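Q: Just dropping this structure here.
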Amino acid sequence: MKCLVTQPIHESGLAKLRLAGIEPIIARSTQVEVLRDLIADCDGVITRNFGLPADLISAAPRLRVISVHGAGHEQVDKPAADKAGIIVCNAPGANARSVSELTIGLALAAARLILPADRAARLHDEGFRDRSLTRELFGKNALIVGWGATGKGVGKILRDSFDMTVTVYSPRSPEIDPGFHRSTDLGKAAAQADLISLHTNLRPETQHLVSTEILNCVKPGAIFVNVARAGLVDEEALVQALQTGKLHSAALDVYSDTAPVGPLGQMDNVILTPHLGGATEESMIRVAERAVENLLDVLCRKQRPEATVNNPGSTQE
């Protein structure tokens, strides 16, 4: 059996595939023309943020499973997989600790303006400290949007280590852990928050969830962090909130392709990181091995992974 690996994964995952008798076919490019040739005789695919489009699914008559290396599966054409009877599964929570830790680092860096402070020190800008207003997090209010594994991890760190009052906005979560507060009104919750942190999935109803309307509600001087999905945020509205001082600062691990060369990239009170959330060695090992285990469930154990995210065998007219 063969498994196409569309993007790099940790060697521990590749070793697990080989040990199970599955040959990893490692793509050197995600160009569709290249992948079409490679996928033709593959039984499984492990893919990251590239996902898998319908034309590649149709080019793989032996394909039985698409295992997503991570939680986000928006880029896999699930209706096409459903029609072909192919299982799509993901690895939720495997990188949660790493993303949670980055969130805390970004929140602190934004609150204390650490990046512009570093630049000022290198330029011998002795007036930076006196003219720059930085903030503490301790004892203040945090709003967590999304209550999956990462959101819960961030909430617990903020509550336990920073004595913050944590409010959760997560309409899909059936219940919230004890010690946290639920809000059903995002605007009202944002009006009370000193720190807003996004940890929800991108769906049609969450596209531009953080809009001009919501940002107009934000408590003046709040800190904003997004480590989830770029499409959750209306970036023009975010720029306006930062330029007017409505927001103290923002830290973004996800953003549009043009953000680094646009207004956000020019602001001293904005931090941009290149999607580092789950990019620790520990996380890469966990996610790769989880993705492989899901694939082995289908190909070797003849069972559906618990983290299946589609309905294989259904037809969509």
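Q: Two decimals, Cα atoms only, Kirkwood Rh: what is Rg/Rh over segment 90-138?
A: Values: Rg = 15.2 Å, Rh = 12.7 Å.
Ratio of gyration radius to Kirkwood radius for segment 90-138: 1.20.
Q: Based on Cα positions only, what radius of gyration and what Dmax would you give for segment 63-188, in angstroms?
A: For segment 63-188, the Cα radius of gyration and maximum Cα-Cα distance read 20.0, 64 Å.
Q: Within the chain, how many Lys pairs that are eight or more residues apart, or on different chains, come under 24 Å at the alpha-carbon?
A: 19
Q: Something else now. Based on the mean of other beta carbon atoms within 10 Å per residue, what is the order of 150-156, 203-209, most packed first?
A: Ranked from most to least packed, the peptides come out as 150-156, 203-209.
Q: Report the far tail of the P(r) of segment 225-317, meaning the percent of Cα-Cα pairs longer than 16 Å.
A: Roughly 67 percent, rounded to a whole number.
Q: So what is the 222 nm mean residue ellipticity for the chain from helices alone, if each DSSP H run of at least 4 adds -39500 (n - 2.57) and you divide by all residues, rounding to the nearest 500 deg cm²/dmol?
A: Dividing the helical sum by the residues of the chain leaves -10500 deg cm²/dmol.
Q: Select one label from (1) 31, 51, 18, 0; (2) 31, 54, 15, 1; (3) 28, 53, 17, 3: the one whose number is P(r) over Cα pairs in 20 Å bins from 0, in percent as derived from the coordinates shown.
A: So the calculated entry is the one marked (1).
Q: What FRET efficiency do you get for residue 34 and residue 114 if R0 is 41 Å and r is their Cβ-Cβ distance, rounded to the nearest 0.05?
A: Result of the calculation: an efficiency of 0.50.
Q: In whole Hz, with x marking every Gly and Pro, tabulate ³J(HN,Hα) for segment 54-67 from phi via Karplus 6.51 cos²θ - 1.76 cosθ + 1.60, θ = phi - 60°.
A: Result, rounded to whole Hz: 4, 5, 6, 4, 5, 8, 10, x, 8, 5, 10, 8, 10, 9.
Q: To continue, here is another question. In nanometres, what is the gap between the two model label sites at residue 181 and residue 276, each 7 Å from Cα along Cα-to-Cβ?
A: 3.2
Q: Can you compute the charge dipole magnitude of segment 1-105 about its Cα centre, using +1 on each Lys and Arg Cβ and -1 on each Asp and Glu Cβ, nothing else charged? Give it in debye, rounded to the nearest 20.
A: Dipole size: approximately 220 debye.
Any read-out appearing in this document is the output of simple, stated calculations on the displayed coordinates, not a laboratory observation. Everything quoted here is computed from the prediction, not taken from an experiment. Neighbour counts are summed over all protein chains in view; Cβ atoms, including those assigned to glycine, are modelled from backbone coordinates with ideal geometry.
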